[in-house]
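Step one of this worksheet: look at the structure below.
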């Protein structure tokens, strides 16, 4: 299993739009990607602009499929417009 986290910081005033987009993306990932075992989006209780995504993929092939999926690549431009800075992505091996 491969775990992926992504830290996202919304631009001021863009939180509602970002949340809508992230909910739609999460739903599409869960529906369309059989190699993705978990795709969760959370918002900080202490910082209303801070969001995290957590994902678990079966293997490198499933992660690559996600990175190239039309629902993911198509969502990126609108997501990036709502962010203050590029996402901070980290990859982990499950132990």
Out of 75, 65, report the one residue that is out of contact with any helix residue (DSSP H, G or I) (no Cβ under 9 Å at 6 or more places or on another chain), free of Cβ contacts under 8 Å to residues at least 60 places away in the same chain and surrounded by 17 or more Cβ atoms within 10 Å (Cβ to Cβ). 65
Name the single residue that is surrounded by the most Cβ atoms within 10 Å (Cβ to Cβ) among those in segment 16-53 being over 22 Å from residue 67 (Cβ atoms) and touching a residue at least 40 places away in the same chain (Cβ under 8 Å). 49
Is at least one residue of segment 15-32 in a loop (DSSP other than H, G, I, E, B) and out of contact with any helix residue (DSSP H, G or I) (no Cβ under 7 Å at 6 or more places or on another chain)? no
Being in contact with a strand residue (DSSP E or B) (Cβ under 9 Å, 6 or more places away or on another chain), at pLDDT below 95 and under 18 Å from residue 13 (Cα atoms) is the requirement here; does residue 48 meet it? yes
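The values are calculated or read from the model by the stated rules, or taken from the named source; none is laboratory data. On a predicted model such as this, the values are computed, not experimentally measured, just so you know. Note: ideal-geometry Cβ built from the backbone for every residue, glycine included; neighbour counts use all protein chains shown.
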